[in-house]
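Each reported figure results from applying straightforward, stated rules to the coordinates on display, with no laboratory input. Note that the structure is a prediction, hence the values are computed from the model and not measured. Cβ coordinates were reconstructed from backbone atoms using ideal geometry, including for glycine residues, and neighbour counts include every protein chain displayed.
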Amino acid sequence: MRLYGYFRSSAAYRVRIALGLKGIVCEQVAVDLARGDHRNDDYMAIHPQGVVPTLITDQGVVLTQSLAILEFLEERYPQVPLLPSEAVARARVRSLAYIVACDIHPLQNLGVRRHLSEVAGFDARAADDWNRHWIEQGLDVLEQRLAREVETGAYCHGEAPSLADVCLVPQLYNAHRYGSDLARYPTLARIQAACDTLPAFQAAHPHRQPDTPAGFREVG
Ligand SMILES: N[C@@H](CCC(=O)N[C@@H](CS)C(=O)NCC(=O)O)C(=O)O
C-alpha cells in the first residue's frame, strides 16, 4: 500500500494512526501542501480533488477521502477493530468522529483559509480566529458529550481506541496549532493522554514523519 500525505495534514494523520493500530505496513509519499504540490498535474491525476490523503491499495486501487479509507481498512483488516460490534455503539463512534471530520475540519482547511485570504480579505490573524472559532465550537460539543455519556471510557468509546479517537487526536493537534485553550477540555485531554501512550499514535504524530521539516522534529 502507498499513502500520499503530508506531515501536518490531519486527514492523513487519521489514516496513519489507523494503519499503525491495525499493523499495516504502508509506504508513505509526501505531498508538500505548503509548496502547492497537491495541485500539480501528477498528483491531480491521482486525486482530482487535489487534497490528501490518497491510499493506493495493494491491488493498485486508488482510494480517497480519509473516512472512506478508514472504513475500507476496517472492512479489509477487521482484526484490530476501530468500530464496535453493536449497531448503536457504531453509530455513536461515527457520530463523534463526524463532528471532527464533517463539522470542524472542512471549515479550517487550507483551501478555505486560502479563500478567506484571497477573496474575503482576511489577514493571518483573522483567519486564525476563524479556525479557532470552528475548532472550539466542535470541541466544546465533544467535551460535553464525552464527559457526560456513560459509553466513554479510557478512550472515546470504552477501553480501546476507535474511529472517534483516530479523528479526535489530529484535531487536537490542530487546536493546539491555532492557539486554542486546551484547558477547556479536560475529558479530551485525558483521552489524548491515553492515546499518546500507544505506539500507533506516537508513530503517526506530525512531528515524526519522513517529510517533517527539521524545525518541527521532536527529539525522542
Ligand atoms: N474530506 C477530506 C479532506 C481532505 C483535505 O482537505 N485534506 C487537506 C489536508 S488535511 C488538504 O489536502 N488541503 C489542501 C487544500 O485545501 O488545498 C478527507 O477527509 O480526506
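Would you mind calculating the gained length between Ala87 and Ile24 on full extension (0.36 nm times residue separation, minus the Cα-Cα distance), in nm to one decimal?
Full extension from Ala87 to Ile24 adds 20.1 nm.
Once R0 is set to 22 Å, what does the formula 1/(1 + (r/R0)^6) return for the Cβ-Cβ distance between Tyr173 and Asn40, expressed as a FRET efficiency to the nearest 0.05?
According to the calculation, E is roughly 0.25.
Need the full-extension length gain, Tyr77 to Glu151, defined as separation in residues times 0.36 nm minus the C-alpha distance. One decimal, nm.
Extending this stretch completely gives an extra 24.2 nm.
Could you pull out the trypsin sites (Lys or Arg not before Pro) across segment 1-62 that fall in loop regions by DSSP (anything but H, G, I, E, B) with no more than 15 other Cβ atoms inside 10 Å?
The qualifying sites are Arg35.
Compute the semi-axes of the equivalent ellipsoid of the chain, taking the square root of 5 times each eigenvalue of the Cα gyration tensor, and list them largest first in whole Å.
Equivalent-ellipsoid dimensions as semi-axes: 25, 23, 16 Å.
Within 14 Å, Cβ to Cβ, of Arg8, how many net charges do the neighbouring residues add up to if Lys/Arg are +1 and Asp/Glu are -1?
After counting each charged neighbour, the total is +3.
Anyone know which of Cys26, Cys167, Cys156 comes out most mobile in the 10 Å Cα GNM of the chain?
Cys26
Tell me, Met44, Met1 in order of fewest to most beta-carbon neighbours within 10 Å?
Sorted ascending by nearby Cβ count, the order is Met44, Met1.
May I ask what percent, to the nearest 5, of DSSP beta bridges between residues of the chain are antiparallel?
Within the chain, antiparallel bridges account for around 60 percent of the total.
What full-extension length gain, to one decimal in nm, is calculated for Ala203 and Asp103 as 0.36 nm per residue of separation minus the Cα-Cα distance?
33.4 nm
Summing Lys, Arg as +1 and Asp, Glu as -1, what charge do residues with Cβ under 15 Å from the Cβ of Ala214 carry, Ala214 excluded?
0
What's the local net charge at Arg184, with K and R +1, D and E -1, over the other residues with C-beta under 12 Å away?
Local charge sum for Arg184: -3.
Given axes a ≥ b ≥ c from the Cα gyration tensor, I'd like to know whether segment 17-127 is rounded (a/c under 1.5), prolate (a/b larger than b/c) or oblate.
Here segment 17-127 falls in the oblate category.
Is segment 133-182 best put as rounded, prolate or oblate by its Cα gyration tensor, with a ≥ b ≥ c the root eigenvalues, rounded for a/c under 1.5, and otherwise prolate when a/b is larger than b/c, oblate when not?
Because a/c hits 1.5 or more and a/b fails to exceed b/c, segment 133-182 counts as oblate.
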